[in-house]
Amino acid sequence: MSWFKDTEKTGEFVSATPDAPFDAPYEEGEIVENTDHLHRRLGNRQIQLMAIGGTIGTALFVSIGGGLYKGGPGSLFLAYTIYACFLGLVNNCIAEMTIAYPVSGGFIRLAGHFVDDAFGFMAGYNFFIYEALLIPFEITALSTVLDFWSDDIPPWAIPLACIVCLSNPKCSTEGFRLTHNPDSLWV
């Protein structure tokens, strides 16, 4: 792995390569668990629930019917298996990078560290645009699913209700104000 040491970036957040603490002279300093003072308070069950919530997306409920009708269950199973394999590989890569260099910014800071600061900047804006466009897609998908099950709801009512609920801070944060223990929300 000599190529890794030659191409590794150093800078404000990385003081040396992983082998350097054994080669460096002893210096007095403050001992912290991680470089960004991250609080690791999530339990195993909470992380699993977030992973399941992130895995089961709207596309599973909205667009799976067309693929099932056109290709059948075998092709759908094969497509999701291949998709899951690629997601597993990406997840393992990000886990390895996070363990090697724990930072508070997640994959955006890792992109800036391992590739270039401009690439990390671009990854941050790309993720922002993705999340900003995801909200209207989710509202449209909710409207499509509710329209499939009931014809009584007008098409404009769902987006209007979502806009009112999201723009009203009392409505969107009421669930968090009702409890003083954040762990009780995950039960």
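The values are calculated or read from the model by the stated rules, or taken from the named source; none is laboratory data. A quick note: this is a predicted structure, and the numbers were derived from the prediction, not measured. Methodologically, a virtual Cβ is constructed for each residue, glycine included, from the backbone with ideal geometry; neighbour enumeration extends over all protein chains shown.
A few notes on this one:
- Of all residues in segment 112-138, those that are over 29 Å from Thr58 (Cβ atoms) have Cβ atoms under 7 Å from Cβ atoms of residues that are modelled with pLDDT under 95 and exposed (fewer than 13 other Cβ atoms within 10 Å of the Cβ), 6 or more apart or on another chain, in His113/Lys9.
- For segment 104-118, the set of residues classified as of a type in the set (A, V, I, L, M) and surrounded by 14 or more Cβ atoms within 10 Å (Cβ to Cβ) consists of Ile108, Leu110, Ala111, listed by residue number.
- Residue among Phe121, Phe86 that alone is surrounded by 13 or more Cβ atoms within 10 Å (Cβ to Cβ) and modelled with pLDDT of 85 or more: Phe121
- Tally, over segment 146-187, of residues that are under 22 Å from the mean Cα position of the chain (by Cα) and modelled with pLDDT of 85 or more: 0
- Residue check for Phe86: within 30 Å of Val62 (Cα to Cα) and assigned by TED's automatic domain parsing to the domain that holds Leu60: yes
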